[in-house]
1. How many percent of Cα pairs in segment 120-161 exceed 17 Å?
2. Tell me, what HN-Hα J-couplings in whole Hz come from the Karplus equation 6.51 cos²θ - 1.76 cosθ + 1.60 at θ = phi - 60° for each residue of segment 35-43, using x for Gly and Pro?
3. Using the Cα centre of segment 1-149 as the reference point, and only Cβ charges (+1 on K/R, -1 on D/E), how large is the resulting charge dipole? Debye, rounded to the nearest 20.
4. Where in the chain are the helices, taken as whole DSSP H runs, whose Cα atoms extend 24 angstrom or more along the long axis and whose Kyte-Doolittle mean reaches at least 1.0?
5. Please work out the C-alpha center-to-center distance from segment 108-161 to segment 1-73 and express it in whole Å.
6. Comparing G80, G89, G71, which has the greatest mean-square fluctuation in the GNM of the chain with Cα pairs linked when under 10 Å apart?
7. Residues with amide H under 5 Å of Y30's amide H, sequence separation 5 or more or different chain, H placed in the peptide plane at 1.01 Å from N; which?
8. Roughly what % of Cα-Cα distances in segment 3-68 sit above 14 Å, to the whole percent?
Amino acid sequence: MHIREATKEDFDQIWPIFHDIAAAGETYAYPRDITKEQAQTVWMEMPRKTYVVEEDGQILGTYYIKTNQAGPGEHVCNCGYMVSSAARGRGLATAMCEHSQNIAKEIGYKAMQFNFVASTNEGAIRLWNRLGFATVGRLPKAFHHPARGYVDALVMYKWLE
C-alpha cells in the first residue's frame, strides 16, 4: 500500500469510490446525483492537494487537503477521506489521516478541522477521536441522512503541533 499525490489521470479510478459514497448520502454533504465533472472539480481542483492510496496499480482510497478559511484562519486545514467499499477495514482511513497530518505540518498548517461530520458516522468519529481530534461543536439536525432523517453534524478539531 502506497500513498502518493494524485494526478488528473487518477480521477477515473477515484470516481467510482466518490460516486458510491456521494450516492449513498450518508457521510458527505455532496449532492447524491453529483456528476463526474462536478466531483472532479471539488475533489481534484479546489483542494490544495489530493492524494491516493494505491496497491498494485489500483486506487483503494483518496483524500484531499485544503485551507479551511482564508486570512486569519489560513493556518487551519480541512481534509476529506474516501475509501473504496472493497478496501474498508484495512486501516486505510487511519493511514490517510496520519499521512494528511504530516503533509499538513509540512506545508505550514497548524491545525486540522473537520467541518461537518455526520453524527451517524460512528466509525469515523471513533477513528478521529482515537487520532486526537476533539468534538468542538455540534450543529443540531444539520445533516439530512437518507435513512435516519435530520441528524447532528459535528465539528472536530486538532492542533497539530
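Derivation of every value follows stated rules applied to the coordinates shown; laboratory data play no part. Given the structure is predicted, the values throughout are model-derived calculations rather than measurements. With ideal geometry, Cβ positions are generated from the backbone for all residues, glycine too; neighbour counts draw on all protein chains shown.
1. Values: 304 of 861 pairs.
For segment 120-161, the share of Cα pairs beyond 17 Å comes to 35 percent.
2. 7, 4, 5, 5, 4, 4, 5, 6, 9
3. Values: 16 positive and 16 negative charges, 144 e Å.
Value, rounded to 20: 680 debye.
4. Working: long enough: none.
Both cut-offs are met by no helix.
5. 18
6. G71
7. Residues meeting the amide H criterion: none.
8. Numbers: 1179 of 2145 pairs.
For segment 3-68, the share of Cα pairs beyond 14 Å comes to 55 percent.
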